[in-house]
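**Q** Supplied in structure tokens, the structure appears directly below.
Each value in this text was obtained by applying a stated rule to the coordinates, not by laboratory testing. All values derive from a computational prediction rather than experimental measurement. Neighbour counts are summed over all protein chains in view; Cβ atoms, including those assigned to glycine, are modelled from backbone coordinates with ideal geometry.
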Amino acid sequence: GAVVSQHPSRVICKSGTSVKIECRSLDFQATTMFWYRQFPKQSLMLMATSNEGSKATYEQGVEKDKFLINHASLTLSTLTVTSAHPEDSSFYICSAQPGQGAVYGYTFGSGTRLTVV
Amino acid sequence: EDKVVQSPLSLVVHEGDTVTLNCSYEVTNFRSLLWYKQEKKAPTFLFMLTSSGIEKKSGRLSSILDKKELFSILNITATQTGDSAVYLCAVSDSWGKLQFGAGTQVVVTP
């Protein structure tokens, strides 16, 4: 149980285009999901907290107009990287906490490797 | 400012050795400390610790939390090459946000 599915796993896009990444909780409902970014050889950095039915909460330094988050249902959150630039190339990963998380902690999606050329 | 510090940043051991990874933290509104193993893609969950002094074990891995001294250790005994990975420590606050340490890269040589 407690599976989070993330798509796509890898995407290459041209500079200036937008890319949408989906994060789904498959066997549980998640009112809150989290989006992280990980640059090579670095740890995961929280970008934003996605809240079902309300606006996302962004961490300091993360542009909300560039990284659009939509959490339209209890099982789906999307992250859209708008007008992507090469410096946005990174590993993006979402997570959610099933129930109280007493057993599973936070479950992560498989991640999306974004390359902007 | 909240911070999570892991040490060492990397280490190389031989198969069969025991390794001890450290994680210290300063986080307001602490809720839990979590350990993850990351190989090539997403981190996989190892342990979640909320109470001091209670060791959690899973096979050759074990972990314990000291909430007074604000640190945790992750032990791996009888290491195998499959244990080679980056081990991430993260601390959750009361809102559910995770703050990660930089990770410890473990390389187990045959």
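**Q** Each residue of segment B:31-40 in turn: what ³J(HN,Hα) in whole Hz from Karplus with 6.51, -1.76, 1.60 and θ = phi - 60°, glycine and Pro shown as x?
**A** 10, 7, 10, 10, 10, 10, 10, 10, 9, 9
**Q** Could you tell me, in Å, what Rg and Dmax come out for the Cα atoms of the protein assembly as shown?
**A** Cα only, the protein assembly as shown: 17.6, 52 Å (Rg, Dmax).
**Q** Put a dot 7 Å past each Cα toward the Cβ at B:T18 and A:Q60; how far apart are the dots in nm?
**A** 4.1 nm
**Q** Let me ask you something else. Of all the stretches in chain B, which is the longest one without any exposed loop site, taking GluC sites (Glu not before Pro) in a DSSP loop (any state but H, G, I, E, B) with at most 10 other Cβ atoms within 10 Å?
**A** B:2-68
**Q** Tell me, how many Å apart are the Cα centres for segment B:48-106 and for segment A:31-52?
**A** Result: 19 Å between the Cα centres.
**Q** Okay, next question. Kirkwood hydrodynamic radius, computed over distinct alpha-carbon pairs, for segment A:5-90: how many Å, to one decimal?
**A** 13.4 Å
**Q** Still on this model: Among all stretches of chain A without exposed trypsin sites (Lys or Arg not before Pro) (DSSP loop, at most 15 other Cβ atoms within 10 Å), which one is longest?
**A** A:67-117
**Q** Additional query: Using 0.36 nm per residue of separation minus the Cα-Cα distance, give me the extension gain between B:D2 and B:W95 in nm, one decimal.
**A** Here the answer is 32.1 nm.
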